[in-house]
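Right, one structure below, let's go through it.
Rule-based calculations on the coordinates, nothing more; no lab input. Since we're looking at a predicted model, the values are computed, not measured. Positions of Cβ are backbone-derived with ideal geometry, glycine not excepted, and every protein chain shown enters the neighbour counts.
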Amino acid sequence: MTEPLAPSAADADGADGAVPSRRAQTIVGGGVLLVAALLAAGALQIPGDAGYGGVSPNFLPWLVSAVLAVCGGFLLWEVFSGGFRSLGAPGGAARADKQAFVWVSAGLLLNAALIGTVGFILSCTLCYLLAVQGLRRAAGQPAAGTARTWAVDLFTGLAISAPVFWAFTQFLAINLPGLTQTGWL
């Protein structure tokens, strides 16, 4: 444990840019606690009847809510015992990369729009393909737009989504939207 740091003038308002103000830190900790409370309220709306393997459908929301509450409590404890310590310098670009945002958003929205039509495997592959293209372009990779990169990303998306689909449909007997009625595509 480290000793609580004495608040400085910069800590009071966050003017130095390196460490968020105590007020901002409190808002973050309180926000995490608020999300935990909202998840707990949502978990109350889910029936508690035991399902598969004796675990009820509200188990995961309660678990996430509890973990978030613990994290929020630790964040607030950190704020009131001296503020967030050992923070690195802020990173990232000075401005948001709108092009990457559009690529990733397009992947997610097309996945949601097409999953019922083209099935889980193809829609998730498309989502992966577009999201990775956006991330590659944000990282400034010069080969992002080449046919080889598109092909590698396409096959990687298929290699990820197909086994996930098969694991859920064939081994766990959970229905996911497929392209055919066989359960394999």
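Extension gain residue 37-residue 81, at 0.36 nm per residue separation less the Cα-Cα distance, in nm?
Values: separation 44, 0.36 × 44 = 15.84 nm, distance 2.34 nm.
Extra length from residue 37 to residue 81 when fully extended: 13.5 nm.
Assuming R0 = 25 Å, can you tell me the calculated FRET efficiency for the pair residue 110 and residue 159, based on Cβ-Cβ distance, to the nearest 0.05? Mind dumping the intermediate values first?
Details: r = 19 Å, r/R0 = 0.78.
It comes to 0.80.
Note down the nm distance, to one decimal, between modelled labels 7 Å out along Cα→Cβ at residue 172 and at residue 146.
3.7
What is the packing order of peptides 129-136, 40-47, 90-97, taking the mean over residues of other C-beta atoms within 10 Å and listing the highest first? Can you show the working numbers first?
Working: 129-136: 20.1, 40-47: 12.8, 90-97: 8.5.
Those peptides, ordered most packed to least, come out 129-136, 40-47, 90-97.
Once you put a point 7 Å from the Cα of residue 74 and another 7 Å from the Cα of residue 98, both along the Cβ direction, what distance in nm separates them?
Roughly 3.8 nm, to one decimal.
Starting from a Cα-only point model with no solvent, please compute log10 I(q)/I(0) by Debye for region 104-185 at q = 0.23, 0.25 1/Å.
-1.01, -1.12
Quick check: convex hull of the Cα atoms in region 42-126, volume per residue, rounded to a whole Å³? Walk me through the numbers on the way to the answer.
Values: hull volume 17.9 nm³, N = 85.
Once divided by residue count, the hull of region 42-126 is 210 Å³.
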